[in-house]
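These notes concern the structure reproduced below.
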Amino acid sequence: MQNDLSFVPKILLCGDEANFFSRIGNRPFKIVGHAKIFGEGFDFRHDGKIFFNGKVQDLDALIKYLDSGAVDYFLFTNTNEFAAFRNNAYERGFLSSRVVTIDQFKALPAEFFYDAVADFHIMPQLKESGIKTLLDVDGYFSRGKIFTKLRNDFTEIDCVTEKILPPITENIYAHVYKNLAAVGFKHYDAILLIERAPADFEATLALTENFSDKVITFARVGSELEKYLFGNPNRFAEAVALKGGSIGWYFLTRRTPPEDFKIYVVTHKPTPHDGKLPDGYKIIHAGHAAAQDLGYAGDDSGENISRLNLYINELTALYWMWRNTAHTIVGLNHYRRFFTEDNDDHFAYEKILTPAAALKLLERYDIIVSELYYGGLTQREWIVNDCKEELATLGENILRKHIMQAQPDYFDAFELVMNSTTLYKCNMFVARRNIFDAYCKWLFSFLIDATEEILRTVPLKNLPWSPRRLMSFLAERMLTVWLIKNRLRVKELKIMQVEGL
């Protein structure tokens, strides 16, 4: 992700200005001062004196000036003078990648300030902070001068860049994505942003909010971003600054609103659960539009597809949850099936997954689903077994057609699941809102149209219970299709079955 605002580096120029202008090309810059290391009465090679800011000063004064934020790069037009300065400064304990020749400056990243020493500072901090996965949102490391992970095998780094990277640079990363959308739903311990203007920084925070709560960035001394970070101390839940020379690395933790947790327990009949479920659980009557009122909230208010409940079952409640709620964490259980962390799946109210337990799991995982079911038949064979060959084939072909029209990238995953003997059953899940929204947007982009086409083709309403649920059986496989395609951290839990319901 490229910074939208141009970076104009401030240069302390040592050498002939005309020579500099003739060789610099189109690279942006701003000359903020001139320096000279050879002059009448002094020689830097012998006494370490240098002329800048209108007077002769020593190396310590120069270092202080460079670190003040007044200048980004100390640039030499003459390589002999550059070498003399570097050698003498090195003997005196000063070596900086911000002291450059014209060619070195032209090779630096144009989009942001770069100091190779900063790389050596950040890598150990990643390990010390326990950051095992990092998303390099701007391709910071790919545009630097370090071609390895600096002996840091602790942190796995992914990159976002449109550029084709040379193999030696690409080897820094585990994965390289062309844009943020390609990252999908992957979650990281932290993201890394280059320095940018405050408005652009805030916009990028919004675009990356689902990738991580931790943000690492750097800011030059005196920059607008540094002023913004120090001027808004309550913007982040935590902000740790690691100062070093002319820049500071900032480890930021986003502020997040209190979680709004709701698991809907879908039913079509009276249940004994009233007042017995954990806080955060709510019973919803699926198919309420065409049924006797049971006293529960229904799926027929607001935007809804309650009329299709006879054919897609609990998914009419799922649609209502998607279109009519704003919970930050949302889930679906059945009136006779509940998630549990208990090894014994014999039903008891006290063993139902609590909001606190779910929230703890979602710190490490993106979605909670049922344990992967291993059946003796493929998914296609199960549906044929329930609905007979002709109807099952018709329904699958119609669904396949609508998937190809609305979500062609999922065709291979669909075929894989239909020919597989494994499945995440029952459409049961718990997930954060962005995951929930993405799944529902995908599922209902084709399922409603496919269901309405099959209803125009076959009078499902007049068929027995199992074949009438053809689209429900097919739809139950779709969560597995979606999970196969997307990179999610999946947590499987046991399902407790309520006996007698």
Notebook entry, point to check: Of THR161, GLN57, PRO272, whose Cα points farthest to the positive end of the dipole of the chain (charges on the beta-carbon: +1 Lys, Arg; -1 Asp, Glu; origin at the Cα centre)?
Noted result: GLN57
Next item on the list: Taking the Cα centre of the range 10-107 as origin, work out the dipole magnitude from +1 charges on Lys and Arg Cβ and -1 charges on Asp and Glu Cβ, in debye rounded to 20.
Entry: 320
Checklist line | Charge context of THR161, other residues only, Cβ under 15 angstrom, K/R +1, D/E -1 | finding: -3
Next item on the list: Sort the following peptides by mean Cβ neighbour count (other Cβ atoms within 10 Å, averaged over residues), highest first: 413-419, 190-196.
Entry: 190-196, 413-419
Check: Residue farthest toward the positive end of the dipole of the chain, with Cβ of Lys/Arg at +1 and Asp/Glu at -1: which of ALA197, LEU75, LEU474?
Finding: LEU75
Check: Where in the range 225-251 does the amide nitrogen come within less than 19 Å of the point 7 Å from the Cα of GLU202, taken along Cα to Cβ?
Finding: 225-239
Notebook entry, point to check: (i) 39, 29, 22; (ii) 60, 27, 17; (iii) 62, 23, 18: which one is semi-axes √(5λ) of the Cα gyration tensor in Å as calculated from this entry?
Noted result: (iii)
Check: If each of ILE31 and ALA107 carries a label point 7 Å out from its Cα toward its Cβ, how far apart are those two points in nm?
Finding: 2.4
Notebook entry, point to check: Looking at the range 82-122, which trypsin sites (Lys or Arg not before Pro) are DSSP coil and have at most 16 other C-beta atoms within 10 Å of their C-beta?
Noted result: ARG92
Notebook entry, point to check: How far is it, in nm, from the label point at ILE484 to the one at GLN292 when both lie 7 Å from their Cα along the line to the Cβ?
Noted result: 4.2
Next item on the list: Measure off 7 Å from each Cα along the Cα-to-Cβ vector at VAL117 and ARG254, then give the distance between these two points in nanometres to one decimal.
Entry: 3.4
Notebook entry, point to check: If you place +1 on the Cβ of every Lys and Arg and -1 on the Cβ of every Asp and Glu, how big does the dipole about the Cα centre of the chain come out, in debye to the nearest 20?
Noted result: 220
Item checked: Prolate/oblate/rounded call for the range 453-501, Cα gyration tensor, a/c under 1.5 rounded -> oblate
Check: Which far-off residues, 5 or more places away or on another chain, put their amide H under 5 Å from the one on ILE284, with H placed in the peptide plane?
Finding: VAL265, VAL266, THR267
Next item on the list: Positive end of the charge dipole of the chain (Lys, Arg +1 and Asp, Glu -1 on Cβ, about the Cα centre): tell me which of GLN497, VAL215, ALA348 has its Cα farthest that way.
Entry: VAL215
Next item on the list: Just need the relative contact order of the range 261-497 here, percent rounded to a whole number, with Cα pairs under 8 Å and 6+ apart.
Entry: 27
Next item on the list: Determine which aspartates and glutamates satisfy two conditions relative to LYS276: a Cα distance under 12 Å, and not lying fewer than 8 residues away in the same chain.
Entry: GLU350
Check: Full extension from TYR373 to LEU501: what is 0.36 nm times the residue separation minus their Cα-Cα distance, to one decimal in nm?
Finding: 43.9 nm
Note to self: Could you compute the net charge surrounding LEU12? Neighbours are other residues with a C-beta less than 10 Å from the C-beta of LEU12; K and R count +1, D and E count -1.
What the structure shows: +1
Notebook entry, point to check: Taking the range 116-254, how many lysine pairs are there with alpha carbons less than 15 Å apart, if each pair must be eight or more places apart or span two chains?
Noted result: 9
Check: Reachable lysines from LYS282, Cα under 28 Å, same-chain residues fewer than 8 places away excluded?
Finding: LYS262, LYS269, LYS351, LYS360, LYS425, LYS441, LYS491, LYS494
Checklist line | Relative contact order (%) - criterion: Cα under 8 Å, at least six apart; region: the chain | finding: 11
Item checked: Per-peptide average of other Cβ atoms within 10 Å, ordering 219-230, 369-380 highest first -> 219-230, 369-380
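A short reminder: the numbers here are calculations on the coordinates, not readings from a lab. Here the structure is a predicted model, which means the values were calculated and not measured. Cβ: placed from backbone, ideal geometry, glycine included. Neighbour counts: every protein chain shown.
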